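The values are calculated or read from the model by the stated rules, or taken from the named source; none is laboratory data. Keep in mind it's a predicted model, so treat the numbers as computed, not measured. Backbone-built Cβ (ideal geometry, glycine too); neighbour counts: all protein chains shown. Heads up: the accessible areas ignore ligands, DNA and RNA and are worked out on the full protein's heavy atoms, side chains in. Shrake-Rupley method; radii C 1.70, N 1.55, O 1.52, S 1.80 Å.
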Amino acid sequence: MQNPEKNIHDYKKFENVIWEEKQIAGKDFNHCTFYKCSLKGCFFEDCSFEKCTFEECDLSLIKFKDSSFSGVQINGSKAIGIVWYDADNPISVNFNNSRISYSSFFGKNCKKAQFINCIADEVDFTNCNLIQANFAGTDFKNAIFLNTDISQANFAGAVNYTISLNNNITTKAKFNLPEALCFLYNLDIVITN
């Protein structure tokens with residue numbers, strides 16, 4: 001039974017919408033497209049996004065409470081400084097050619113998530129489930145991987161990551177050379193010429 005208080009949007013296209021710093025509560029977005037929208041600083045409470053696409057949007061600094069994401073695509077967008085911690089678990093969001101810097105996925109279940117050709121500097125993936133995630137072509141400058149499960153994840157073409165083999169689960173994860181040499185720096189060894 002649907003909640004009569006909910007405002008439901010099915011298969012809608014939101015184009016050039018500016019909802020900056022707005023509080024948005026009790027809305028369900030199903031199969032919606034957001035194109036060139038600015039939702040910067042919005043607070044979403046009791047909302048759901050199912051199979052939605054965000055194209056060339058500014059989602060920076062958005063916040064959540066009791067909100068869910070399933071099958072969401074974020075393409076060519078800015079999603080900077082988002083604390084995903086308060087979004088419902090699991091979150092199913094794929095990022096393509098987007099900037100997600102300074103965001104935190106602390107403790108989130110992001111199994112099979114995609115972070116393709118993104119800029120992810122200083123992103124926190126502590127305690128995340130990133131099993132079978134795809135990080136192809138992403139720049140992870142100063143990103144944090146700690147107690148993170150990246151089993152079977154794909155880091156092909158990814159750069160600037162620092163991942164400790166002692167503090168993460170890396171079973172069958174895929175890495176390219178020469179970037180994979182970073183694992184040597186976390187070992188208690190001396191490397192000479």
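Accessible area per residue of region 33-98 at 1.4 Å probe, in Å²? Walk me through the intermediate numbers first.
Values: 2580 Å² over 66 residues.
With the other protein chains kept in place, region 33-98 gives 39 Å² per residue.
Full extension from ALA25 to LEU177: what is 0.36 nm times the residue separation minus their Cα-Cα distance, to one decimal in nm? List each step's numbers first, then the result.
Working: separation 152, 0.36 × 152 = 54.72 nm, distance 4.68 nm.
Difference between extended and current length: 50.0 nm.
Full extension from ASN127 to ASN160: what is 0.36 nm times the residue separation minus their Cα-Cα distance, to one decimal in nm?
Numbers: separation 33, 0.36 × 33 = 11.88 nm, distance 1.99 nm.
Using 0.36 nm per residue and subtracting the Cα-Cα distance, I get 9.9 nm.
Per-residue ellipticity at 222 nm for the chain, helices alone: DSSP H runs ≥ 4 residues times -39500 (n - 2.57), over residue total, nearest 500 deg cm²/dmol? Before the final figure, lay out the partial values.
Numbers: 1 runs with 4 residues, N = 193.
That calculation yields -500 deg cm²/dmol at 222 nm.
Stretch GLU50-ILE169 to full length: gain in nm at 0.36 nm per residue minus the Cα-Cα span? Don't skip to the end; give the middle numbers.
Values: separation 119, 0.36 × 119 = 42.84 nm, distance 2.97 nm.
The span from GLU50 to ILE169 would gain 39.9 nm if fully extended.
Carbon and sulfur atoms: what percent of the 1.4 Å accessible area of the chain do they account for?
Numbers: 4710 of 10040 Å².
C and S atoms contribute 47 percent here.
Determine, for each peptide in 14-24, 32-42, the mean count of other beta carbons within 10 angstrom over its residues, then list the peptides with the highest first.
On the way: 14-24: 13.2, 32-42: 18.8.
The densest-packed peptide leads the list: 32-42, 14-24.
Given the peptides 75-88, 118-131, arrange them by the average over their residues of other C-beta atoms within 10 Å, most packed first. Please report the intermediate quantities before stating the final value.
On the way: 75-88: 18.8, 118-131: 21.2.
Packing order, densest peptide first, comes out as 118-131, 75-88.
How about region 44-108: which GluC sites (Glu not before Pro) there lie in a loop by DSSP and see at most 15 other Cβ atoms within 10 Å?
Working: sites: GLU45, GLU50, GLU55, GLU56; in loops: GLU56.
Those that pass, being in a loop and sparsely packed, are GLU56.
Going by the alpha-carbon gyration tensor, a ≥ b ≥ c the square roots of its eigenvalues, is region 54-152 rounded (a/c under 1.5) or, if a/c is not under 1.5, prolate (a/b greater than b/c) versus oblate? Mind dumping the intermediate values first?
On the way: a/c = 1.30, a/b = 1.08, b/c = 1.20.
In terms of gyration-tensor shape, rounded.
Quick check: Cα centre of region 126-149 to Cα centre of region 31-51, how many Å?
24
State, to one decimal in nm, how far the label point of ILE8 lies from the label point of THR33, with both points 7 Å from Cα in the Cβ direction.
Between ILE8 and THR33, the label points sit 2.3 nm apart.
Hey, can you grab everything whose amide H is under 5 Å from the amide H of ILE8? Only 5+ residues off in sequence or another chain; H modelled, so Pro and N-termini drop out.
ASP28
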